[in-house]
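Chemist: First, the structure itself, so that you have it in front of you.
The values are calculated or read from the model by the stated rules, or taken from the named source; none is laboratory data. Bear in mind that the values here come from a model prediction, so they are computed numbers and not experimental data. So basically every Cβ, Gly included, is an ideal-geometry build from the backbone, and we count neighbours across all protein chains shown.
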Amino acid sequence: MTYRDAQSKLLALVRDRIQNGELTERGLALRIGISQPHVHNVLKGARNLSPEIFDSMLEHFQMSLLDLATAEDLEASLLRRRPAERTAEVAVLVGPLGPGMPWSTDIDRRRGFPLPFPSVAAPPDLLMAQLAEDPDMRATLEVADIALLDLSEQRRRDIVPNGLYVVSRGGEALLRYIRPGARWWYLASDANLNRPFDWEELRLPLAEIIEAVKARVLWLGRERERKLPMAQRGRFL
């Protein structure tokens with residue numbers, strides 16, 4: 001907001017109060033120590049509002065410059081002064097994940113994707129991957145086409161009930177929930193999450209789950225939203 005903007009807002013406020021009967025030109029002139037004709041000419045635009053009279057009016061109304069700014073003005077000003085988000089880019093896998101897509105750790109050297117959190121360098125074991133359509137995971141992936149993966153051994157070994165994982169089985173890499181059984185593990189999708197009898201058996205001993213689990217999904221988002229502020233890009237799991 002410029003000084004001219006502030007002048008216009010203050011004069012508009014004074015005119016409104018005079019029209020509403022809350023104030024008179026003569027009364028305002030007496031309170032701020034100038035003549036009534038001078039006040040009249042200032043309000044009509046025939047005379048400029050000097051900084052001294054401007055300050056006297058603000059003091060009379062017990063206002064500051066901030067009171068003349070709208071909430072939108074203040075928010076826009078704060079946004080302009082906010083330091084730019086510093087974030088590193090993380091590498092992207094060559095192929096997408098999903099039905100019919102095999103697991104591969106090949107990196108597309110021509111591409112990167114900004115991390116969804118502030119970081120001056122990409123942490124180790126993190127990669128981005130594109131997602132292919134998966135009819136069995138529509139609820140989770142409905143508004144996502146890219147995922148941030150943690151390939152660390154600890155994340156792959158420590159299976160948690162609410163975790164979403166990249167599981168390689170039968171030549172394809174799928175995003176699935178993992179549930180333990182008496183003898184081996186089971187894979188659950190959005191389509192059958194509440195029907196344990198329909199879960200897919202993953203015939204691996206409980207201690208060998210890391211052979212099939214390639215990564216844990218940390219974040220889901222859309223590639224086209226990469227330039228949005230962090231808080232508006234995707235969601236953490």
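Chemist: Given the criteria assigned to a strand (DSSP E or B) and surrounded by fewer than 17 Cβ atoms within 10 Å (Cβ to Cβ), does ASP108 qualify?
Modeler: Yes.
Chemist: Please state which one of LEU30, LEU13, LEU23 is more than 45 Å from the chain's Cα centre (by Cα), of a type outside the set (Gly, Ala, Ser), at negative phi and assigned to a helix (DSSP H, G or I). It would help to see each step written out before you state the result.
Modeler: On the way: LEU13 fails: more than 45 Å from the chain's Cα centre (by Cα); LEU23 fails: assigned to a helix (DSSP H, G or I).
Unique residue meeting the criteria: LEU30.
Chemist: Across region 33-52, what is the total count of residues that are among the aliphatic types (A, V, I, L, M) and under 48 Å from the mean Cα position of the chain (by Cα)?
Modeler: Number satisfying all stated conditions: 3.
Chemist: What is the number of the single condition among (1) surrounded by 17 or more Cβ atoms within 10 Å (Cβ to Cβ); (2) without any contact (Cβ under 8 Å) to a residue 24 or more places away in the chain; (3) not charged (D, E, K, R) that MET101 does not meet?
Modeler: Of the numbered conditions (1) surrounded by 17 or more Cβ atoms within 10 Å (Cβ to Cβ); (2) without any contact (Cβ under 8 Å) to a residue 24 or more places away in the chain; (3) not charged (D, E, K, R), the odd one out for MET101 is (2).
Chemist: Moving to a separate point now. Tally the residues that are modelled with pLDDT of 95 or more, among the small types (Gly, Ala, Ser) and in a loop (DSSP other than H, G, I, E, B), restricting the search to region 83-102.
Modeler: Adding up the residues that qualify gives 1.
Chemist: For VAL167, which of the numbered conditions (1) touching a residue at least 60 places away in the same chain (Cβ under 8 Å); (2) out of contact with any Gly (no Cβ under 9 Å at 6 or more places or on another chain) fails to hold?
Modeler: (1)
Chemist: Still on this structure: In region 150-187, which residue that is more than 16 Å from LEU237 (Cβ to Cβ) and among the acidic types (Asp, Glu) is surrounded by the most Cβ atoms within 10 Å (Cβ to Cβ)?
Modeler: Of the residues in region 150-187, the ones more than 16 Å from LEU237 (Cβ to Cβ) are 153-154, 157, 168-173, 179-187.
Now narrow it down to the ones that are among the acidic types (Asp, Glu): 153, 172.
Details: GLU153: 10, GLU172: 15.
Checked region 150-187; the qualifying residue surrounded by the most Cβ atoms within 10 Å (Cβ to Cβ) is GLU172.
Chemist: Quick one: which strands (runs of 3 or more DSSP E) lie wholly within region 151-206 and hold at least 2 residues that are on the phi < 0 side of the Ramachandran plot and hydroxyl-bearing (Ser, Thr, Tyr)?
Modeler: In region 151-206, 164-169 are the strands (runs of 3 or more DSSP E) which contain 2 or more residues that are on the phi < 0 side of the Ramachandran plot and hydroxyl-bearing (Ser, Thr, Tyr).
Chemist: Quick one: would you say PRO123 is exposed (fewer than 12 other Cβ atoms within 10 Å of the Cβ), in the same structural domain as GLU200 (by TED's automatic domain parsing), in a loop (DSSP other than H, G, I, E, B) and out of contact with any Phe, Trp or Tyr (no Cβ under 6 Å at 6 or more places or on another chain)?
Modeler: Judged against the criteria, PRO123 is not a match.
Chemist: Out of everything in region 188-207 that is closer than 23 Å to ASP125 by Cβ and surrounded by 14 or more Cβ atoms within 10 Å (Cβ to Cβ), what residue ends up being nearest to the chain's Cα centre (by Cα)?
Modeler: That would be LEU202.
Chemist: If you go through region 141-157, how many residues are within 12 Å of VAL213 (Cα to Cα), of a type in the set (D, E, K, R) and in contact with a strand residue (DSSP E or B) (Cβ under 9 Å, 6 or more places away or on another chain)? So that I can check it myself, show each step before the final result.
Modeler: As a first pass, look at region 141-157 and keep what is within 12 Å of VAL213 (Cα to Cα): 149-157.
Pick out the ones that are also of a type in the set (D, E, K, R) and you get 150, 153, 155-157.
Then keep just the ones that are in contact with a strand residue (DSSP E or B) (Cβ under 9 Å, 6 or more places away or on another chain); that gives 150, 155-157.
Result for region 141-157: 4.
Chemist: Then there is this: Residue check, PHE117 against (1) crowded, with 18+ Cβ neighbours inside 10 Å; (2) not in a strand (DSSP E or B), all met but one. Which one?
Modeler: (1)
Chemist: Still on this structure: What are the residues in region 211-222 that are exposed (fewer than 15 other Cβ atoms within 10 Å of the Cβ) and under 30 Å from PRO118 (Cα atoms), if any?
Modeler: So in region 211-222, the residues exposed (fewer than 15 other Cβ atoms within 10 Å of the Cβ) come out as 211, 222.
Passing the criteria: only ARG222.
Chemist: Here are the criteria: (1) basic (Lys, Arg); (2) surrounded by 13 or more Cβ atoms within 10 Å (Cβ to Cβ); (3) over 29 Å from LEU228 (Cα atoms). Tell me which single one LYS44 does not satisfy.
Modeler: (2)
Chemist: Select from region 103-125 the residues that are within 11 Å of ALA91 (Cβ to Cβ) and either basic (Lys, Arg) or at pLDDT below 90 (or both) and list them in ascending order.
Modeler: ARG109, ARG110, ARG111, ALA122, listed by residue number.
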